[in-house]
Amino acid sequence: MKTFNRVFTVIVFLFLYIPMIVLAVASFNAGTDIAVWKGFTFAQYGALFRDGVLLPLLANSVIVAVIASLVATVLGTMAAIGIRAMSGRMRRITMAVTNIPLTNPEIVTGVSLALLFAFAGQMMKLNNVLGFTTLLIAHITFNLPYVILSVMPKLGQLDPNLLDAALDLGCTPVQAFFKVIIHEIMPGILSGALMAFTMSLDDFVISYFVYGPSFVTLPVEIYNYTKKPLQPKIYALFTLLFAAILIVMVLMNLLQERDAKRSRENRRAFRRGKKVGA
């Protein structure tokens, strides 16, 4: 059974990563045919960095991802703290509502937001409401549940007496909140921020319905490129995006591993303290 599981895991990883490896190899190919190797070159990357269209669109995607992830992290952390303070039944209902966007198809979310923005534009008598603002609001909206779900487990691990202990030691409520609560849940906050950044950077479906001609992101433009023969520099672009997302995911795993290690050390220290006290 173990052998079967290992073979199945290898097959799954091959299906996931072989297309990306092929793209990465093609980005260094001197020829334009992806199936014929003509030699190693960085020419595709040079063409990409000299491109006057794709790089500004990449900058647009990064700007939206950074702002959306920061705002979603702040709002999501505040929401998670508020949800944690609710009673058991109300907390379960609120979390169920929070999970709906995660299970909802992205196309439904995109169309719903597009209709909402169109209605708002008619109410404000604006001819073209779609643009940077609508794109940013949409990204913040679908990032919020990911941040909340990342922060909630850390709040559940907090000692309920920790805040009272900090207040008894002379901290003001604001100091206790930032130096104790925020400090303890910081790994969850960072994980949520990184996940929000990744989701926002490569989002296409929702962005496609809420972007305007005045502000276009890279995934939307890449979709337009697929309607015609791909240029080799697109392979280089895909490779760089994959590398960036891979780095973010590795950072998330390292943060989670460090947090798990610290939790194990805290539990061992607590058990040693109980034994000494006994």
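Among all residue pairs at least 6 apart or on different chains, which show Cβ distances below 6 Å where the first residue, located in region 144-165, is touching a residue at least 12 places away in the same chain (Cβ under 8 Å) and not assigned by TED's automatic domain parsing to the domain that holds residue 195 and the second is among the polar types (S, T, N, Q) and crowded, with 16+ Cβ neighbours inside 10 Å?
Within 6 Å, no pair qualifies.
Given the residues 112, 69, 87, which is the only one that is in the same structural domain as residue 210 (by TED's automatic domain parsing) and either in contact with a Cys (Cβ under 9 Å, 6 or more places away or on another chain) or modelled with pLDDT under 85 (or both)? First the steps, then the outcome.
Details: 112 fails: either in contact with a Cys (Cβ under 9 Å, 6 or more places away or on another chain) or modelled with pLDDT under 85 (or both); 69 fails: either in contact with a Cys (Cβ under 9 Å, 6 or more places away or on another chain) or modelled with pLDDT under 85 (or both).
From the options 112, 69, 87, the qualifying one is 87.
Of everything in region 142-189, what is within 18 Å of the chain's Cα centre (by Cα) and surrounded by fewer than 18 Cβ atoms within 10 Å (Cβ to Cβ)? Give them in sequence order.
Passing the criteria: 153, 186.
Please tell me if residue 23 is farther than 30 Å from residue 141 by Cα and surrounded by fewer than 15 Cβ atoms within 10 Å (Cβ to Cβ). Walk me through how you get there before you give the answer.
On the way: farther than 30 Å from residue 141 by Cα: yes; surrounded by fewer than 15 Cβ atoms within 10 Å (Cβ to Cβ): no.
Against the criterion (farther than 30 Å from residue 141 by Cα and surrounded by fewer than 15 Cβ atoms within 10 Å (Cβ to Cβ)), residue 23 does not qualify.
When you check residue 263 against the structure, is it of a type outside the set (A, V, I, L, M, F, W, C), surrounded by 11 or more Cβ atoms within 10 Å (Cβ to Cβ), modelled with pLDDT of 85 or more and under 25 Å from residue 77 (Cβ atoms), yes or no? Even if it seems obvious, please write down each step before you answer.
Working: of a type outside the set (A, V, I, L, M, F, W, C): yes; surrounded by 11 or more Cβ atoms within 10 Å (Cβ to Cβ): yes; modelled with pLDDT of 85 or more: no; under 25 Å from residue 77 (Cβ atoms): yes.
Spelling it out, it is not the case that residue 263 is of a type outside the set (A, V, I, L, M, F, W, C), surrounded by 11 or more Cβ atoms within 10 Å (Cβ to Cβ), modelled with pLDDT of 85 or more and under 25 Å from residue 77 (Cβ atoms).
Quick check on residue 151: is it of a type in the set (Val, Ile, Thr), in contact with a helix residue (DSSP H, G or I) (Cβ under 8 Å, 6 or more places away or on another chain) and farther than 19 Å from residue 105 by Cα? If you could, list the steps in order and put the result at the bottom.
Details: of a type in the set (Val, Ile, Thr): yes; in contact with a helix residue (DSSP H, G or I) (Cβ under 8 Å, 6 or more places away or on another chain): yes; farther than 19 Å from residue 105 by Cα: yes.
For residue 151, the condition - of a type in the set (Val, Ile, Thr), in contact with a helix residue (DSSP H, G or I) (Cβ under 8 Å, 6 or more places away or on another chain) and farther than 19 Å from residue 105 by Cα - is met.
Provide a single number: the residues in region 97-120 that are over 19 Å from residue 135 (Cβ atoms) and either touching a strand residue (DSSP E or B) at 6+ places or on another chain (Cβ under 9 Å) or among the small types (Gly, Ala, Ser) (or both).
Of the residues in region 97-120, 0 are over 19 Å from residue 135 (Cβ atoms) and either touching a strand residue (DSSP E or B) at 6+ places or on another chain (Cβ under 9 Å) or among the small types (Gly, Ala, Ser) (or both).
Test residue 222 against the stated conditions and say whether it is within 23 Å of residue 59 (Cα to Cα) and either among the basic types (Lys, Arg) or without any contact (Cβ under 8 Å) to a residue 24 or more places away in the chain (or both).
Working: within 23 Å of residue 59 (Cα to Cα): yes; either among the basic types (Lys, Arg) or without any contact (Cβ under 8 Å) to a residue 24 or more places away in the chain (or both): yes.
Spelling it out, residue 222 is indeed within 23 Å of residue 59 (Cα to Cα) and either among the basic types (Lys, Arg) or without any contact (Cβ under 8 Å) to a residue 24 or more places away in the chain (or both).
Inside region 1-24, can you point out the residues that are among the β-branched types (Val, Ile, Thr) and modelled with pLDDT under 85?
Of region 1-24, the ones among the β-branched types (Val, Ile, Thr) are 3, 7, 9-12, 18, 21-22.
Passing the criteria: 3, 7, 9, 10, 12, 18, 21, 22.
Of the numbered conditions (1) in contact (Cβ under 8 Å) with a residue 24 or more places away in the chain; (2) within 22 Å of the chain's Cα centre (by Cα); (3) in a helix (DSSP H, G or I), residue 235 fails exactly one; give the number of that condition.
Checking residue 235 against (1) in contact (Cβ under 8 Å) with a residue 24 or more places away in the chain; (2) within 22 Å of the chain's Cα centre (by Cα); (3) in a helix (DSSP H, G or I), the one that fails is (2).
Could you grab the pairs with beta carbons closer than 8 Å, sequence gap of 6+ or different chains, first residue in region 45-59 and over 16 Å from residue 232 (Cβ atoms), second one of a type in the set (Ser, Thr, Tyr) and outside any helix (DSSP H, G or I)?
57/217
Take residue 93 and decide whether it is at pLDDT 90 or above and assigned by TED's automatic domain parsing to the domain that holds residue 182. Give the steps one after another, and end with the answer.
Details: at pLDDT 90 or above: no; assigned by TED's automatic domain parsing to the domain that holds residue 182: yes.
So residue 93 does not fit the description; no.
Mind listing whichever residues of region 49-97 are touching a Ser or Thr at 6+ places or on another chain (Cβ under 7 Å) and under 22 Å from residue 199 (Cβ atoms)? Break it down stepwise before answering.
Taking region 49-97 first, the residues touching a Ser or Thr at 6+ places or on another chain (Cβ under 7 Å) are 57, 60-61, 64-65, 68-69, 83, 86.
Passing the criteria: 57, 60, 61, 64, 65, 68, 69, 83.
The values are calculated or read from the model by the stated rules, or taken from the named source; none is laboratory data. Keep in mind that what you see is a predicted model, and the values were worked out from it rather than measured. In this analysis, Cβ positions are derived from the backbone assuming ideal geometry, glycine residues included, and neighbour counts consider all displayed protein chains.
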